[in-house]
Amino acid sequence: MDLKSLLNREQYEAATTIDGPLLILAGAGSGKTRVLTYRVAHMIEDLGIYPSEILAITFTNKAAGEMKDRIRGLVGNEVEGMWISTFHSSCVRILRREIDKLGYNKNFAIYDSYDQKVLVKQCMEELDINDKDITDREIINKISGQKDILVSPEQFKKENEGNFRTNRIADVYLLYQKKLKDNNALDFDDLIYKTVQLFKDYPEVLGFYQRKFKYIMVDEYQDTNRSQYEFIRLLAQGYKNICVVGDDDQCIYAWRGADVKNILDFEKDYPNAKVIKLEQNYRSKGNILRAANDVISNNTYRKKKVLRTENENGDKIKLYRAYSDMDEGRYVAFKIKDILARDKGKQYKDFAVLYRTNAQSRIFEDAFMKANIPYRIIGGLKFYDRKEIKDIMAYLKFINNPLDDISLKRIINVPKRSIGDSTVQKIQNFASSMEESLYNVILDVDEVSSLSKRSVNSIKKFVSIINSFIKSRDKVPVSSLIKEILDITGYLEGLKDSEEADNVSRVENLKELVSAASEFEAVSEDTSLSAFLEKVTLVSDIDNFDEDADSVVLMTVHSAKGLEFPIVFMVGMENGIFPGMQSLDNPKEMEESRRLCYVGITRAKEQLYMTSAETRRVFGRMVSYEQSNFIDEISRELKEYDTVGKSRINNFPNNVLNNNDFLWKKRSNSRNLSEPSGVSAEKDISSDRYLKPDGIREGIKVRHSKFGVGTIVSVSRNGSDIKLTIVFDKMGIKNLMYGIVPLEAV
DNA sequence: AACGGTGCTATTTTT
DNA sequence: TAGCACCGTT
């Protein structure tokens, strides 16, 4: 492989240094993925290293998948023998083989944050801890934090003997951990923690993996926490062929336990480590890169480096100070339309809107809907977090691992089968006194004398359907199992009969779950139920981000790490939002916020916009924040205010600021944007164009000014109110009240 | 057991 | 504003 011609000098050096510890400090956009993939290809092709001897750790499944694809492109199917996965997936893989040594069963469940919360609450109740003294949230954070730094419950309790409050938390930690074990479950943090414990307690297991993985690579090393660090350190002790890649300036997960020290102290951990800096940026235009350098240079705790580029300067960074959050949304929508109109080479997918908090997405959703701009939101409410999906997943989890009391409690009365809280409580008490799982108790429910006849009967019915599912578990594919559950429990029927406004979309979501399972069956080697559950619990939203779909993408700056876009809008650039309120008086947080800003800026290839608003609604209150200090940190000559519409805007006194439709209309008229909607005052609902109440029928097609064309799927009349559920071709399912926004019949 | 009302709280979240 | 958790009523 002629790496010399494919890589620059530093890159080449990095890709061909295979033996011994290596630290690659890779600035944003410096081609680190390229280096990593060529490095692996070189190892396999030129040096004859077996793929099975290589472990590559990434932070997201998506990054792992991409790296795998790219390596496959270079070396072919040999890539299949390699382990390329996230910390969590690698640990699960190891634990599935070895966890019985720690007293767990190999089909252990993985608890997500929802399960975790339920279990912690249960512990708090048993320990009689009032929610008002210590919140569940605080406890969860504390426990997670201790696991991150590998502190056991016992150790934590001992360390905090003097502190009553912390001692209480330690009691929860102890009980929580015991319950996890009783339920044969691990939480996310446990996946790493338990693997490290396994390595420490069973040297022969560690030895096996040390010998197996002669070569180890870790990407995004700056965002590793202590337990992840330890996991890698133990494995690498064998051969010391460890290559870590990262950028201390992009450490943005310190609040979650990531420790920049891991990367900064690498040379101390491995004194003979070679260090290579990749400072040549291939991604961004000069002005953008200089702005990024300007901002990050204000941080004190970092390795000094300056990114350089041979790219042309490009345009200056465009600033826009909107009057209001709504105006900010319209500005971005307008700009996207404007750029698309001028530059035929651009598509919707070339634009990204990056914000610091998910709550900010709404404004842009509204603006994009009005302007007919297709968009996708990454993050926020995830598919697998929806109630109906969680319900069915709880069935699956329980079927897979009947010791899982948390899932059992979730489904025992869903759909309603007259097994209420007090009944469950009685079963729980009985189970606790017998030190038994709930499932074992309900299998022999006659033993529980405190229950009424009626309850006993309901429970018996429930047990028999659950048992039938358990029987099907290993016989039928997951998708069929899901269908069985939906059918036999009456879950789907209950949903279809319900009057709830969003039941239609729930049914749709469940259909999608079935499709997801079918797809899983088609592409996976291991199609067992536990493989499906594992896959689902360990995916994130960003993993499903499809770069080819032609729509503007909206996401948090955190989610955008590792991605790049020709045109980036960083929005909400205000002191109080970005940096956030709580960062303003905390130097450490301020530095992290600044790194986040750096990550945002360096996502942009060609053009960067930074916007802020004079007033905005936050938690229902109107607030006004000044423009972000981070913008001030960018040299004057690199930025300029976008003057579009400014003169007009300045002519408006403050009291018309809320009249958004008015502003929108003015702007769109002068800029040839699509017809704005929601200007209800101008639309006469009785006009012949629009649908009349007596014309409303299920199945007919209508046009909505914001949502486009759709089909009415249900109509419910309540007095003079008419509720409509409409499936829109582009925008999905919406519930609307007739008469608010006129509908045209089509 | 099930439903509806009130009041409280509020980042970021690779897994 | 919105989502939820808890409480009291039917």
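Taking only the stretch A:361-386 into account, find how many residues are touching a helix residue (DSSP H, G or I) at 6+ places or on another chain (Cβ under 8 Å) and within 16 Å of DNA strand C (Cβ to nearest atom).
Just the residues of the stretch A:361-386 that are touching a helix residue (DSSP H, G or I) at 6+ places or on another chain (Cβ under 8 Å), to begin with: A:363-364, A:366-368, A:370-371, A:373-375, A:377-380, A:383-386.
Cutting the leftovers down to within 16 Å of DNA strand C (Cβ to nearest atom) gives us A:363-364, A:366-367, A:377, A:379-380, A:383-386.
The number of residues fulfilling the criteria is 11.
I need the full set of residues from the stretch A:172-197 which are outside any helix (DSSP H, G or I) and not polar (S, T, N, Q), in order please.
Once the filter is applied, which keeps residues that are outside any helix (DSSP H, G or I) and not polar (S, T, N, Q), the stretch A:172-197 yields A:Ala185, A:Leu186, A:Asp187.
Looking at A:Glu534, A:Glu521, A:Glu512, A:Glu508, which one is touching a Ser or Thr at 6+ places or on another chain (Cβ under 6 Å), more than 16 Å from DNA strand C (Cβ to nearest atom) and of a type in the set (Asp, Glu)? Break it down into steps so the answer makes sense when it comes.
Numbers: A:Glu534 fails: touching a Ser or Thr at 6+ places or on another chain (Cβ under 6 Å); A:Glu512 fails: touching a Ser or Thr at 6+ places or on another chain (Cβ under 6 Å); A:Glu508 fails: touching a Ser or Thr at 6+ places or on another chain (Cβ under 6 Å).
Of A:Glu534, A:Glu521, A:Glu512, A:Glu508, the one residue that is touching a Ser or Thr at 6+ places or on another chain (Cβ under 6 Å), more than 16 Å from DNA strand C (Cβ to nearest atom) and of a type in the set (Asp, Glu) is A:Glu521.
Which residues, taken from the stretch A:5-32, are within 25 Å of the chain's Cα centre (by Cα) and either of a type in the set (D, E, K, R) or open to solvent by 50 Å² or more (accessible area, probe 1.4 Å) (or both)?
A:Lys32
Among (1) more than 29 Å from the chain's Cα centre (by Cα); (2) crowded, with 16+ Cβ neighbours inside 10 Å; (3) more than 21 Å from A:Arg93 (Cα to Cα), which single condition is A:Lys158 missing?
(2)
Can you tell which of A:Ile134, A:Ile169, A:Ile99, A:Ile139 is within 28 Å of A:Asn400 (Cα to Cα) and either within 16 Å of DNA strand B (Cβ to nearest atom) or in a helix (DSSP H, G or I) (or both)? Break it down into steps so the answer makes sense when it comes.
Details: A:Ile134 fails: within 28 Å of A:Asn400 (Cα to Cα); A:Ile169 fails: within 28 Å of A:Asn400 (Cα to Cα); A:Ile139 fails: within 28 Å of A:Asn400 (Cα to Cα).
A:Ile99 is the lone residue from the list that is within 28 Å of A:Asn400 (Cα to Cα) and either within 16 Å of DNA strand B (Cβ to nearest atom) or in a helix (DSSP H, G or I) (or both).
Of the conditions (1) away from DNA strand B (no atom under 12 Å from the Cβ); (2) over 21 Å from A:Asp385 (Cβ atoms); (3) open to solvent by less than 20 Å² (accessible area, probe 1.4 Å); (4) assigned to a helix (DSSP H, G or I), A:Lys147 fails just one. Which one is it?
(1)
Being touching a Phe, Trp or Tyr at 6+ places or on another chain (Cβ under 9 Å), open to solvent by less than 40 Å² (accessible area, probe 1.4 Å), touching a residue at least 40 places away in the same chain (Cβ under 8 Å) and within 24 Å of A:Asp541 (Cβ to Cβ) is the filter here, so list the residues in the stretch A:329-362 that pass it.
A:Val332, A:Ala333, A:Ile336, A:Asp350, A:Phe351, A:Ala352, A:Val353, A:Leu354, A:Tyr355, A:Ser361
Return a yes/no flag: does the stretch A:387-404 have any residue that is more than 17 Å from A:Cys123 (Cα to Cα), at pLDDT 90 or above and within 14 Å of DNA strand B (Cβ to nearest atom).
Scanning the stretch A:387-404, I find no residue that is more than 17 Å from A:Cys123 (Cα to Cα), at pLDDT 90 or above and within 14 Å of DNA strand B (Cβ to nearest atom), so the answer is no.
Residue under question is A:Asn313, and the condition is that it be assigned to a loop (DSSP other than H, G, I, E, B), closer than 20 Å to A:Gly580 by Cα and in contact (Cβ under 8 Å) with a residue 12 or more places away in the chain; does it hold?
For A:Asn313, the condition - assigned to a loop (DSSP other than H, G, I, E, B), closer than 20 Å to A:Gly580 by Cα and in contact (Cβ under 8 Å) with a residue 12 or more places away in the chain - is not met.
Check off (1) closer than 24 Å to A:Cys91 by Cβ; (2) surrounded by fewer than 19 Cβ atoms within 10 Å (Cβ to Cβ); (3) hydrophobic (A, V, I, L, M, F, W, C) for A:Met67 and give me the number that stays unchecked.
A:Met67 satisfies all of (1) closer than 24 Å to A:Cys91 by Cβ; (2) surrounded by fewer than 19 Cβ atoms within 10 Å (Cβ to Cβ); (3) hydrophobic (A, V, I, L, M, F, W, C) except (2).
Consider the stretch A:387-400. How many of its residues are away from DNA strand C (no atom under 14 Å from the Cβ) and open to solvent by less than 10 Å² (accessible area, probe 1.4 Å)?
If we filter the stretch A:387-400 for residues that are away from DNA strand C (no atom under 14 Å from the Cβ), which is where we start, we get A:392-400.
Imposing the further condition that a residue be open to solvent by less than 10 Å² (accessible area, probe 1.4 Å) reduces the set to A:392, A:394-396, A:398-399.
So the answer is 6.
Can you tell me which residues in the stretch A:70-94 are surrounded by 16 or more Cβ atoms within 10 Å (Cβ to Cβ) and within 12 Å of DNA strand B (Cβ to nearest atom)?
A:Ser85, A:Thr86, A:Phe87, A:His88, A:Ser89, A:Ser90, A:Cys91, A:Val92
In the stretch A:50-64, which residue that is of a type outside the set (Ser, Thr, Tyr) and either in contact with an Asp or Glu (Cβ under 6 Å, 6 or more places away or on another chain) or open to solvent by 40 Å² or more (accessible area, probe 1.4 Å) (or both) is nearest to A:Ala531 (Cα to Cα)? Lay out the reasoning, then the answer.
Start the filter on the stretch A:50-64 by keeping residues that are of a type outside the set (Ser, Thr, Tyr), which leaves A:51, A:53-57, A:59, A:61-64.
From what is left, the residues that are either in contact with an Asp or Glu (Cβ under 6 Å, 6 or more places away or on another chain) or open to solvent by 40 Å² or more (accessible area, probe 1.4 Å) (or both) are A:51, A:59, A:61-62.
Working: A:Pro51: 23, A:Phe59: 20, A:Asn61: 15, A:Lys62: 18 Å.
Among residues in the stretch A:50-64 that are of a type outside the set (Ser, Thr, Tyr) and either in contact with an Asp or Glu (Cβ under 6 Å, 6 or more places away or on another chain) or open to solvent by 40 Å² or more (accessible area, probe 1.4 Å) (or both), the one nearest to A:Ala531 (Cα to Cα) is A:Asn61.
Restricting to the stretch A:213-233, what's the tally of residues that are over 21 Å from A:Glu592 (Cα atoms), open to solvent by 10 Å² or more (accessible area, probe 1.4 Å) and either assigned to a helix (DSSP H, G or I) or free of Cβ contacts under 8 Å to residues at least 40 places away in the same chain (or both)?
Summing the residues that are over 21 Å from A:Glu592 (Cα atoms), open to solvent by 10 Å² or more (accessible area, probe 1.4 Å) and either assigned to a helix (DSSP H, G or I) or free of Cβ contacts under 8 Å to residues at least 40 places away in the same chain (or both) in the stretch A:213-233 gives 2.
Restricting to the stretch A:609-622, what's the tally of residues that are more than 12 Å from DNA strand C (Cβ to nearest atom) and over 28 Å from the mean Cα position of the chain (by Cα)? Show your work before the answer.
Taking the stretch A:609-622 and keeping what is more than 12 Å from DNA strand C (Cβ to nearest atom), we get A:609-615.
Filter once more, keeping what is over 28 Å from the mean Cα position of the chain (by Cα): A:614-615.
Total meeting the criteria: 2.
The values are calculated or read from the model by the stated rules, or taken from the named source; none is laboratory data. Predicted, not measured: the structure shown is a model, and the values here were computed from it. For neighbour counting, all protein chains shown are included, and Cβ atoms are generated from backbone atoms with ideal geometry for every residue, glycine included. To get the accessible areas, we keep the full protein, side chains included, count just its heavy atoms, and leave off ligands, DNA and RNA. Shrake-Rupley method; radii C 1.70, N 1.55, O 1.52, S 1.80 Å.
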